[in-house]
Amino acid sequence: MPPERFDRIDWEEHAGSSGFSASINTVAFVLTALSVLALAGYDRLFAAERETVFGALARDVGVGPRFESLGIGADPGALEYLFVITLLLFVWYLLAPLYQNPRMTRYYWDRFTRNRPAVVSLGWLFVVFAGGLLGPLLLSAPQQDVLAGHQPPVYLSIDASNVARCLGETVGGRCHGTWRYPLGTTQAGEGVFRNVVYGMTISMQIAFITTTIVAAIGITFGTVSAYAGGWVDEALMRFVDIVLSFPTLLFFLLILYIYGAGLGMFILVFSLFAWGGTARYVRSKALSIAEEEYVDAARISGASTYRVVRRHVVPNTASSIITQLTLLVPGFLLAEAQLAFLGLGDSGINSWGQLISAGRSDLAFAPWIVLAPGIVLFLTILAFNFLGDALLDALNPKTEAERGR
Amino acid sequence: MTGEEPLLSVRGLKKHYPTGGGLLSRSSGAVRAVDGVSFDVGRGETLGLVGESGCGKSTAARSVVRLEEPTAGEVIFNGGGRAGASRNDDGTHPNDVTRFGRAELKAFRRDVQMVFQDPTSSFDPRMSVGASIAEPLSVHGLSDRGRRRAIAEDLLERVGLSPGDYGRYPHEFSGGQKQRLAIARALVLNPDLVIADEPVSALDVSVQADVLGLLEEIQSTFGLSVLFISHDLSVVREIADRVAVMYLGEIVEIGPTEAVLTAPEHPYTEALVSAIPTVGPGGKRQEIELTGTVPDPSNPPSGCRFHTRCHAVVQPEGIDLDQSAWRRVLDLRHRLEAGEVDLETVRESIRARTDATGDLDRSTLGTQLRAEFGLPETLSDPVAERELAGSIEALLGGDADAAAERLASTFRTPCEGTAPEFTGHGGGHRSACLRHAPDVPSEPE
């Protein structure tokens, strides 16, 4: 067979073919997401009320308690399934492309690493991410133990009169901390360290699920608005105005008093009213990208509008969207902590906000209960902000063009 | 053109952009970017389309390929197995691109490709150049990844780059290399016609020659037709077989490159040709300087659109002036009509020159005004002089409208009343200028 040449293609052969071929990432995402959904469906239909899904699965498949011996004893709820799916999105559409395009990755990584604080921030966020993901698998949830309340962190001590029973050494009337509770315990005797680790999971769930919802709605509204134009554009943008001016907090309080509000409701309400800015931003970006010659080149090659948006417009707005979303996350984390502090949060979860709220009455003699999650929350928010700024610099196409010349 | 059917035949193409508009405001007018353009491109031929920035040449090209929807006109494309079609009973043509449906348009996209002007924006910065070149293949249904890559790598070699550049990104290439890549992308679907929209104007002169050479080589190898758009006649001269000159949305002259450049018939072409830098002694031409400003395309001049700037504008019966003085009088008239003559600046310049203070008498002002517009102290034609003097008198008296009216009544060129038709000069060389019309006997030279 002669070498392939552009003028030897018989186009009749390909007539009628849409040329659609799903990328490997899409295939992988769909397969993994479907298996998670299947598990969720199985959980809902077949697992008994008080049974974990893996327990039920082991029973039905007949592998005995093998899952539990592997440490997979979790009983995920709807939020956890959603979290896993957003993680899959993150892996297949953000991490996998970075791996597949090493040249591009190296280029951006070089630019990114010029910003030292951002690298440290990324490291810290990785710790929080890994802790949130693996912590619940490795550590059991914090248990109440009234007798072990107010234990100080290791290497610190507290006046023995403040503790019901000192688990560490008591020297000179002061109770010292032990490695059993590295960051001490709360009034109810829950380990602060475990609480902080479990709080990482909550924070990561908030971060990932909200950004996914915000990105999905914002990108859809923005690109449709930019490409449809005319009255569609006008209508969508006026709707965005409404969303932006909506009193989300009051609405959330209303829902809270009527239905009660768990973490899922918090995430849903706050992300459903936070995408306005993203949509506007994507719209203006899409409009400016539509002027670029490579979009004309794609159109004149016969590419459909959907293809142009999917292959050119969205990837080129992605850098700005990622930056914007990164800067949006701290707001959600703070909002959750504030609501929890005011006693309006989901008391059934181990979030940092709940922990801070639990420790505020004991601030005088047991400050670690507030300080540990407070510092972690502070650092996380700071890290997201640093990361957002660094991404803005690293991914900014303006500076890229100047370097490219 | 011979009897052979041209590859591309554009007839009366118009593209108007409505101004105003929006939901609440009523649309008030239109920018006539392209206003009735007709030309043919033969098979294997290069047609150069030249004109200054903003004359509508890019818009014309984009309308031909329907990147912009044309307002009116026909674009008949006979390439890609469409040859030999004849008109339908209702007068429409089956190969009229402006009437193509979705599927036909997609098939048409395979046969016409474009090279763009700006190398920095013509490639997606997030895609490797190889993927960009191969993208049209997958759009048209070539789903085999390996074949796409092989074809793109072969093309990279053909345009003078290496197959190893497939995975590199646009920022890693220079402007000239990117234009080579753009040519590769335009070739990948094996088109019949390539439209090159100012492909070298963003490049250094030394690189320009390379890219032009590549384009010519590719064209002769694959028998492509090229529509080459440029503002630079010296570039067009290198590459085009025929050239069409555009001014303000219309073609004013079209013909074989050699004929148009050596013997331009339209005054606008004359001015463009005179601006081409020449090498060596003896070849020095008198450069023709165009006076006046480029008119607004939303409100183009009546008659011949070039008459507001034309150095050879026809004089009416009963007036016999030196051509440059005639041009200057018209300039004064157009400026007066636009309300752009400011007596205060005339006074300022006298004061600056003579240190005079207080009120200036009318004759000094009149003299200075004439000097500012390059007019002689007195016009050679007594009738014309009387009218001009009267008009200046009215202007100094503070009545600019009367001054403009007086000038307009006497100094009225036939060019502003009649839109010129094309006249042939032999060999397919045609131009649209009133001086060539048979009923205008006085050839002002």
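Surface calculation, 1.4 Å probe, protein heavy atoms: residue A:8 sits at approximately 120 Å² accessible. Across the stretch B:306-407, Cα-Cα pairs farther apart than 17 Å form 52% of the total. Placing +1 on the Cβ of every Lys and Arg and -1 on the Cβ of every Asp and Glu, with no other charges, gives the protein assembly as shown a dipole of roughly 3540 debye about its Cα centre. Take each residue of peptide B:108-117, count the partner chain Cβ atoms within 10 Å of its Cβ, and average: the result is 3. Using a 1.4 Å probe over the heavy atoms of the protein chains, calculate the carbon and sulfur portion of the accessible area of the protein assembly as shown as a whole percent. C and S atoms contribute 57 percent here. A protection proxy built from the mean count of other Cβ atoms within 10 Å ranks the segments B:6-13, A:201-208, most packed first, as A:201-208, B:6-13. The value given for the stretch A:279-355 is a Kirkwood hydrodynamic radius of 15.2 Å, derived from the mean inverse Cα-Cα separation.
Placing B:320, A:233, A:10 in order of accessible area, with the largest value first and a 1.4 Å probe, yields B:320, A:10, A:233. For the protein assembly as shown, the antiparallel share of DSSP beta bridges with both residues in that region comes to about 65%. Springs between Cα atoms under 10 Å define the GNM used for chain A, and in it the highest mean-square fluctuation of A:171, A:314, A:376 occurs at A:171. Among B:209-221, B:124-136, A:251-263, sorting by the average number of other beta carbon atoms lying within 10 angstrom of each residue, highest first, gives B:124-136, B:209-221, A:251-263.
Please identify the chymotrypsin sites (Phe, Trp or Tyr not before Pro) of the stretch A:110-205 that satisfy two criteria: DSSP loop assignment and at most 10 other Cβ atoms within 10 Å. Which are they? Sites meeting the loop and neighbour criteria: A:155, A:179. The mean number of partner chain beta-carbon atoms within 10 angstrom of a residue's beta-carbon across peptide B:168-177 is 3.
Shape of the stretch B:31-110 from its Cα gyration tensor (a ≥ b ≥ c, root eigenvalues): rounded if a/c is under 1.5, otherwise prolate when a/b > b/c, or oblate? Because a/c hits 1.5 or more and a/b exceeds b/c, the stretch B:31-110 counts as prolate. By how many degrees, 0 to 90 and rounded to 10, does the Cα axis of helix A:368-395 deviate from the longest principal axis of chain A? It works out to around 10 degrees. The angle between the Cα long axis of helix B:175-187 and the main principal axis of chain B comes to about 60°, on a 0 to 90 degree scale. Taking amide H as placed 1.01 Å from N in the peptide plane, residue B:246 has its amide H under 5 Å from the amide H of B:50, B:51, B:252, each at least 5 places away in sequence or on another chain.
Sorting A:110, B:401 by solvent-accessible area of protein heavy atoms yields B:401, A:110, largest first, with a 1.4 Å probe. Backbone geometry of the stretch A:35-40 corresponds, through the Karplus equation with coefficients 6.51, -1.76 and 1.60 at θ = phi - 60°, to 3J(HN,Hα) couplings of 5, 5, 5, 4, 4, 4 Hz, x marking Gly and Pro.
The 3J(HN,Hα) values that the Karplus relation (6.51, -1.76, 1.60; θ = phi - 60°) gives for the stretch B:417-434 are, in residue order, x, 10, 7, x, 8, 6, 10, x, 10, x, x, x, 8, 10, 9, 10, 9, 5 Hz. Gly and Pro appear as x.
Where the alpha-carbon atoms of the protein assembly as shown are placed on the principal axes, they occupy 122, 86, 54 Å, in descending order. In the context of the full set of protein chains, residues of the protein assembly as shown present 47 Å² of accessible surface per residue (probe radius 1.4 Å, heavy atoms only). Once divided by 2.2 N^0.38 Å, the Cα radius of gyration of chain A becomes 1.18. When B:14, B:178, A:285 are compared by accessible area at a 1.4 angstrom probe, the order from most to least is B:14, A:285, B:178.
Take every Cα pair under 8 Å whose residues are at least 6 apart in sequence, average their separation, divide by the length of chain A, and the relative contact order is 16 percent.
Taking a ≥ b ≥ c as the square roots of the eigenvalues of the Cα gyration tensor, the stretch B:187-247 is oblate, since a/c reaches 1.5 or more and a/b is not larger than b/c.
For chain B, DSSP calls about 60 percent of its internal beta bridges antiparallel. Can you give the angle from 0 to 90° between the axis of helix A:314-341 and the longest principal axis of chain A, with both taken from C-alpha atoms, to the nearest 10? The angle comes out at about 20 degrees. Placing +1 on the Cβ of every Lys and Arg and -1 on the Cβ of every Asp and Glu, with nothing else charged, gives chain B a dipole about its Cα centre of roughly 1760 debye.
Assuming charge only on the beta carbon of Lys and Arg (+1) and of Asp and Glu (-1), the dipole of chain A about its Cα centre is about 640 debye to the nearest 20. For the stretch A:98-112, putting each phi into the Karplus relation 6.51 cos²θ - 1.76 cosθ + 1.60 with θ = phi - 60° gives couplings of 4, 6, 6, 10, x, 4, 5, 4, 5, 4, 6, 5, 4, 5, 5 Hz, in residue order, rounded to whole numbers and with x for Gly and Pro. Counting, for every residue in B:125-131, the Cβ atoms of other protein chains within 10 Å of its Cβ and taking the mean gives 5.
Sequence-distant contacts, meaning Cα pairs under 8 Å at least 6 residues apart, place the relative contact order of chain B at 15 percent.
The values are calculated or read from the model by the stated rules, or taken from the named source; none is laboratory data. Here the structure is a predicted model, which means the values were calculated and not measured. Note that we place each Cβ from the backbone using ideal geometry, even for glycine, and neighbour counts take in every protein chain shown. The accessibility values were calculated without ligands, DNA or RNA, using every heavy atom of the protein model including side chains. Shrake-Rupley method; radii C 1.70, N 1.55, O 1.52, S 1.80 Å.
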